[in-house]
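Report on the structure given below.
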Amino acid sequence: MTIDATAWVYALGSDDLFESGPAEDKLVNLGPAAVPLLARALEREPAPVRVGVVGVLDRLKLPEGEPLLLRAAADDADEDARHAAVQALDGVKDAQRRQVVEAALHDASPQVRRAALALCAKLCLAPAAIDRVVQIAIDDQAPPTGAWALLSVAAILSEDPKTLRATYAAAAIEEQARPLLVSGISLEERTRAALLLAALGDPAAAPVLVQAAREAKGQPYRLHVVYALGEVGNCDAVPVLTDLLRSSDVTMAAYSYDALRKLAGRGVPGATQALAAYKRPPPPGLPPPPP
């Protein structure tokens, strides 16, 4: 029996989920027989179709489909297709995926870089790649991308400090971030550098973090700053955290309370008194690291 699945492939590019969804299901149900057709589609169909093809390959999770995902992640001309392909590499077992993810850290598209950063937290091994993650955390002009880089660095540093990845990350922070505590051209740049040093547990980050918490209203990393002050802050952090504790922003108040609680636990002067003077009900639970 011969099945003409061409119409299903074309339907993958439809904005109508009632058209693209059933087409994707039919192609997935074809199993390995769909792979040659999907390979041709990646070579010659328009970008929306290629994005849909990547989704089918991701669901199929076949060894013969992995080279197609790797090639799309590395070379597709459309950023949405590259983004979808990089995300799909999480389920790929081919040894080349690490190199493709590390290369995607240099992609011109912020969304592709973010997808690469999410995987880099568990995959990246090359010193140059981890150095690049630290660079993105400091320099990237897209705040969500910089935040993903911070999370990736934190994940790498949470490993045994003796692992090569953690050693590379600490060395990259020392080389790139520490000089910026003083020489950074803006408060935001110094703040990003301080957040990286705080991830190392370095109290030298505290003065910049205190300044950022006090002055940088609306700054995209302010929750990260407050969280970091709980880890490395000193008595200078207590007044600014006390002010933020009164914030009408419930999330900010919760993170400020948690930071003061951590400072009190470390015996930082004034933190216990600030908590005792707080008249509202304490925030429920402990907030996780900021997203």
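Check the range 5-18 and report whether any residue there is on the phi > 0 side of the Ramachandran plot, of a type outside the set (A, V, I, L, M) and touching a residue at least 24 places away in the same chain (Cβ under 8 Å). Let's see the steps before the verdict.
Filtering the range 5-18 for residues on the phi > 0 side of the Ramachandran plot gives none.
No, the conditions are met nowhere in the range 5-18.
Of the residues ALA213, ALA172, ALA147, which is surrounded by 21 or more Cβ atoms within 10 Å (Cβ to Cβ), within 30 Å of HIS83 (Cβ to Cβ), at pLDDT below 95 and not β-branched (Val, Ile, Thr)?
Numbers: ALA213 fails: within 30 Å of HIS83 (Cβ to Cβ); ALA172 fails: at pLDDT below 95.
On inspection, the qualifying residue turns out to be ALA147.
Note on the range 129-247: enclosed helices (runs of 4 or more DSSP H) holding 2 or more residues that are among the hydrophobic types (A, V, I, L, M, F, W, C) and closer than 20 Å to GLY265 by Cβ are 187-199, 206-215, 222-232, 237-245. Is it true that some residue in the range 127-140 is charged (D, E, K, R) and closer than 17 Å to LEU38 by Cβ? No - not one qualifying residue is present in the range 127-140.
Please specify each residue of the range 221-252 satisfying the condition of being more than 26 Å from VAL153 (Cα to Cα), among the acidic types (Asp, Glu) and within 27 Å of the chain's Cα centre (by Cα).
ASP249
May I ask you to verify whether ILE185 is among the hydrophobic types (A, V, I, L, M, F, W, C) and surrounded by 16 or more Cβ atoms within 10 Å (Cβ to Cβ)? Judged against the criteria, ILE185 is not a match. The condition (being in contact (Cβ under 8 Å) with a residue 12 or more places away in the chain, hydroxyl-bearing (Ser, Thr, Tyr) and surrounded by fewer than 20 Cβ atoms within 10 Å (Cβ to Cβ)) is satisfied by just one residue among SER109, SER152, SER158: SER109.
The values are calculated or read from the model by the stated rules, or taken from the named source; none is laboratory data. Since we're looking at a predicted model, the values are computed, not measured. Cβ sites come from the backbone with ideal geometry, for glycine too, and all protein chains shown count toward neighbours.
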